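First the structure, in the form of structure tokens, and then the observations on it.
All of the numbers you see were taken from the coordinates with simple rules; none came from a lab. Every value quoted in this text rests on a predicted model; they were computed, and no experiment measured them. Reconstructed Cβ throughout: ideal geometry from the backbone, glycine too, with neighbour counts over all protein chains shown.
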Ligand SMILES: Nc1ncnc2c1ncn2[C@@H]1O[C@H](COP(=O)(O)OP(=O)(O)OP(=O)(O)O)[C@@H](O)[C@H]1O
Ligand SMILES: Cc1ncc(CO)c(N)n1
């Protein structure tokens, strides 16, 4: 059985963070594991409070996983404070996992900061260079490159800069632009454009988390980054199309739609 680890924050309402990642791994037939770096009190409407797990406990969790069940792929999501990030950076340097997907989570849908601004430099230095696939959305890519991103050409330029910063491949997600949902993927050999029709729904809580853990699942299942991103884009589009009208705000996506329809044979397509 293939294995994936998520290193991220916990969302008690189940639509984003660790909970979204574990559901996505399960939908891909993957054995999921988690290192919780922050406990976030949030739901479909708001983020109420954040408590970071201590660096010592993060180091212990990482050791427990890597000494016992080294994962086939790793997804990294929310890393809030510099000390938290340093503990993860140290563990990445120590264990050197191969298939790392990094989602630079900065803001929740309600605008709450999920990465402290003081952590940005450490993120660029100690986390980003571990990315086999790096998945910023447009506002995140703007912060990381200092560019203003309005067009697909800007997205291409940002992807190239972020590769130069040390990510092996970069997917700039276009969910925040108007029109079709277009993502740009630069793997250093070619630039690929992934387009899906924009789905009219407010239920998009956790879309970024779900996409990055779907990419990690596909890497673990043996796909190269370009194929992994292509398959993950189809998965997130399906999950948003069948999103769940739960909660009073931005509801979650549906992780198991294809699995419920077709069983695990959906993975063979
Ligand atoms: N309404 C939509 N219809 C179709 N696809 C969408 C829609 N919104 C986002 N996407 C797609 O979902 C994926 C996640 O992109 P998005 O830009 O929403 O990430 P994000 O902002 O990091 O998410 P999060 O809010 O979880 O942090 C991308 O492939 C994007 O193109
Ligand atoms: C824990 C967590 N991670 C990531 C996001 C971004 O969707 C969120 N809202 N909560």
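Worth a mention:
- With Cα atoms defining each centre, the range 69-140 and the range 146-222 are spaced 16 Å apart in the structure.
- Efficiency of FRET between residue 49 and residue 202 - r from beta-carbon atoms, R0 22 angstrom, step 0.05: 0.40
- Cα gyration tensor, the range 1-112 - rounded (a/c under 1.5), prolate or oblate: oblate
- Largest-first principal axis extents, alpha carbons of the range 134-269, Å: 41, 37, 20
- Backbone N under 15 Å from the residue 192 label point (7 Å along Cα→Cβ), restricted to the range 205-229: 212, 214-229
- Average Cα contact separation per residue, the range 70-187, under 8 Å, 6 or more apart, as relative contact order %: 22
- Computed FRET value (nearest 0.05) for residue 60 with residue 268, which takes r as the C-beta separation and R₀ as 41 Å: 0.60
- Residue-averaged 222 nm ellipticity for the chain, from DSSP H runs of 4+ at -39500 (n - 2.57), nearest 500: -11000 deg cm²/dmol
- Neighbour-count order for 31, 235, 260, fewest beta carbons within 10 angstrom listed first: 260, 31, 235
- Normalised by the number of residues in the chain, the mean separation of alpha-carbon contacts (under 8 Å, six or more apart) gives a relative contact order of 19 percent.
- Each listed q (0.14, 0.16 Å⁻¹) maps to a log10 I(q)/I(0) for the range 193-269 from the Debye sum over equal C-alpha point scatterers, namely -0.45, -0.59.
- Fraction of antiparallel bridges per DSSP, the range 3-268 only, in percent to nearest 5: 40
- Normalised by the number of residues in the range 1-118, the average gap of Cα pairs under 8 Å and 6 or more apart makes the relative contact order 26 percent.
- Likely footprinting exposure, 269, 202, fewest C-beta neighbours within 10 Å first: 269, 202
- Quotient of Cα Rg and 2.2 N^0.38 Å for the range 3-268, N being how many residues it contains: 0.91
- Paramagnetic label reach from residue 153 (point 7 Å along Cα→Cβ; backbone nitrogen cut-off under 18 Å): within the range 167-182, residues 178.
- As a proxy for reagent exposure, ranking 102, 215, 138, 127 by other Cβ atoms within 10 Å from fewest up yields 138, 127, 102, 215.
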